[in-house]
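Asks: Sharing a structure with you now.
Quick note: the coordinates plus some simple rules give every number you see, no bench work behind them. The structure presented is a predicted model; accordingly, all values stated were derived computationally and were not measured. Cβ atoms come from the backbone with ideal geometry, glycine included; neighbour counts cover every protein chain shown.
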């Protein structure tokens, strides 16, 4: 049957969806989320349909299409296409099976992931999958299959060498730019570490956002390989591997009910490691009131699962449980964090964040121990103190197309500022990662690189009345005002006598 | 913060949704499906947001709105509104609770239904609720609370009298217009039966679609009361009670995986009975290969559940298990079914469908027995044979604004016709309800009143080669061709030697 395209001028956010009028769907015996094939010249695509009850926007004879389908089929408004009814994707049977409590096999999980990646499943359908994995749990084998499927339907970095080192943090701690200290250390020690990172999801800056202050981070797979061949290390945005495709969609659905189905969480992280060919991974697991992991017991259980799943996937994983009760470093937000990193690598004793140095040394040492380096702790400190790490960082910045000579003072910080001061004398009893993040984001981070927070105090520090606790930076006056408003309505740093 | 409205010129199908650009959502620390309050002059509305990743359609500073929100707030394109961040609805906590396996209480279920009715929940969120009810099951009390909540958030008919009779069929059998015979019988017997029906959901005609051939079916609550006071019976569209609001949304989500969470099914049906104040309900439960209920065992279990839930809700329910293996009556599609009904009520021995008469007598007798009528069977046959049922039908047609003098021959039938003939001699071994429905719908039913199928054979009938098995009727030549195409690709009536 022939239909006239009505461009709805909107993105569906991924899923391939068209809209038919109620009259047409009745005639074709189609319901919402049934499938049709849309054909135009030599191009064709199977899409899900939704049904418009009124004729207000989509009339009988019209097929409303979101951007995604318009782009794939290279259609224009009012084009005529041929449509035919298609069966629902096989993956829906597997999702139903999982919902009914059956354990899925490798092929079934692969089919589901493939259809998610190819935008063949709608959000309602993905929600059923997430519900099923959450409610029924996933076996460690299912997690392994899910990891492999996510990797199989993305791109890989293939270095044909051994070992390949990597690092990951479960996140939830502002600042915490361990990666940007650890990668130059490991690379300076002679090991390959092709580190891919995300941009901020919930935080005020992701490693990619901060690294981008110093050098570009978006590269094609071949370019990343070239950088790593040159310098052994890289700090690039992982989006290029297109793993995010399945991952992002699952995360969006999970966040709706703040679910974190463990099986999916494990797969989502290990897929990123598997895709770069990592053989040894050190995993940072911060625990704290406002972190993903609230209690040591949970952390230990998850640590065992990660290490076991690693074995199934042929990755040597060591998880380190760390303190996530307060920010690591002084800066929060891309530019302020990049400054911290440079001061530290330059061994500027006065301005470097000591907690970040300590944590980076711990993680780098663990990673080097995993590949059998003797006296790894001493070696790591030597690499930092001798300036070798800084030299390596400059090489990486240059290889990624940045300016290796940049000095921390040259990094531009937002010119609109507000100092939050202690209202009374006492000691710092609590620092809220959550509210610091909220305020830094309101101030413009990570989109505005110079926006964020510089914190002057750590837990248990003694402070005097009127002493500066932290400074909010913004590039825009209105955003600063918005951030101050949030600050005034929240308890960020708790000082008690 | 102020935002400029961008009308997206599309219906969300219910949920109140707006779209923000990625930059704005980051600044406001919002994720997809978080809530904001939109304010314009004295009007305000809390809506869910989705996030546009590119600036292609929604730019920073713009708030894209679907029809539903535009209408509620009476907004125009480019209007300026004030938005603020709102917490997520409480009902999401209850949905999470149910997903985690906890049984919900009355207040919690009420809150979920209220939010569904008021379009405060998105489809992803409703999917979590359906998953939870499907996977964890619902207690009979939860079903009762769900029924009450659906009724509480719709409209009611309140007759202040006793008893009030009603009837429902689980469906799946084409033709099967028992209601249109039973209602005049019961009303002629002196009992009140304010029957509300649906329009076709998956069938080629719902009772409302067929009744509409004889008289209007859409009335306000007060008008329905007036009709019932006058004639004791009514056959009207139930949509006016707005129960469909929660119901339709749940059904749409369920159908995606062809789920039929029993607790929701029970509530959905009994809510419609509860809303008209029914005290005695006869329930038709057809079983057959292509019905909802495939086996007697399932039917018996469901029958017990219905009757128990009825007790909790104060409704006397009797479920009758019936044969759903073939169509009831000759006609399928509004006009053809209306003809069947009139021939039967007029006692036209030659043209009436005897199976429909038999089934209607069974159901009406059961219902009258429930309210204590002696010799109910004889009474029902008398009412039919004496023409009292037909007289009552004419009263009802007149009360609903139709022409009571209409004769079956005056009902217009589609002029494009196709006869499906037996390809060999033998007896009818199988009739596919599913394919008959598909073909009737392809021919235009129920939108085109005169479209449908007239079937000449029943199971086990002997037929000769070339004998007419059924005729397809359509009001449009192209639709007839489409229906014939489906007929040629399917096994509708199986004749074997």
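Asks: To the nearest Å, what is the center-to-center distance of the stretch A:1-35 and the stretch B:24-95, using C-alpha atoms only?
Replies: Spelled out, the Cα-based centre of one part sits 25 Å from the other.
Asks: I would also like to ask the following. Share of antiparallel DSSP beta bridges in the stretch A:1-108, in percent to the nearest 5?
Replies: Rounded to the nearest five, the antiparallel share is 65 percent.
Asks: For helix B:106-117, report the angle its Cα long axis makes with the longest principal axis of the Cα atoms of chain B; keep it between 0 and 90° and round to the nearest 10°.
Replies: 90 degrees
Asks: Of all DSSP beta bridges in chain B, what percent run antiparallel (nearest 5)?
Replies: 55 percent
Asks: Can you tell me what share of the DSSP beta bridges in the protein assembly as shown is antiparallel? A percent to the nearest 5 is fine.
Replies: Beta bridges within the protein assembly as shown, antiparallel portion: roughly 55 percent.
Asks: Roughly how tilted is helix A:433-442, in degrees to the nearest 10 and between 0 and 90, from the longest Cα axis of chain A?
Replies: 70 degrees
Asks: Can I ask one more? Run through the other copies and list how far each one's label point is from that of residue B:434, in nm with one decimal, shortest first; the point sits 7 Å from Cα along Cα-Cβ.
Replies: Nearest first, the other copies' label points are 5.0 nm away.
Asks: Calculate how steeply helix B:296-313 sits against the longest principal axis of the alpha-carbon atoms of chain B, using the helix alpha-carbon long axis, and give the answer as 0 to 90 degrees to the nearest 10.
Replies: Approximately 60 degrees, to the nearest 10.
Asks: Right, here's the next one. Counting helices only, and only those DSSP H runs with n ≥ 4, report the 222 nm mean residue ellipticity of chain B as the sum of -39,500 (n - 2.57) divided by its residues, in deg cm²/dmol to the nearest 500.
Replies: Details: 18 runs with 208 residues, N = 497.
So the calculated ellipticity at 222 nm is -13000 deg cm²/dmol.
Asks: Taking only C-alpha pairs under 8 Å that are 6+ residues apart, what is the relative contact order of the stretch B:2-86 in percent?
Replies: On the way: 185 pairs, mean separation 42.5, N = 85.
Result for the stretch B:2-86 is 50 percent.
Asks: Give me the percent relative contact order of the stretch B:131-201, please, defined on Cα pairs under 8 angstrom at least 6 residues apart.
Replies: Contact order relative to length: 31 percent.
Asks: How would the stretch B:243-323 be classified by its alpha-carbon gyration tensor: rounded, prolate or oblate, with rounded meaning a/c under 1.5 and the a/b versus b/c comparison settling the rest?
Replies: Here the stretch B:243-323 falls in the oblate category.
Asks: From the square roots a ≥ b ≥ c of the eigenvalues of the alpha-carbon gyration tensor of chain A, which class results: rounded (a/c under 1.5), prolate (a/b over b/c), or oblate?
Replies: prolate
Asks: Would you mind listing the distances between the residue A:300 label point and the same position in each other copy? Use 7 Å along Cα-to-C-beta, nm, one decimal, shortest first.
Replies: Between copies, matching label points for residue A:300 lie 5.3 nm apart.
Asks: Now, a different point. How big is the gap, in Å, between the Cα center of the stretch A:127-158 and the Cα center of the stretch B:225-260?
Replies: A separation of 40 Å, based on Cα centres.
Asks: Moving on to the next point. Compute the relative contact order of chain B as a whole-number percentage, counting only Cα pairs closer than 8 Å that sit 6 or more residues apart in sequence. Don't skip to the end; give the middle numbers.
Replies: On the way: 1045 pairs, mean separation 69.1, N = 497.
Reported as a whole number, the value is 14 percent.
Asks: Moving to a separate point now. With just the Cα atoms defining each centre, how far is the stretch B:293-356 from the stretch B:420-497? Give it in Å.
Replies: Spelled out, the Cα-based centre of one part sits 22 Å from the other.
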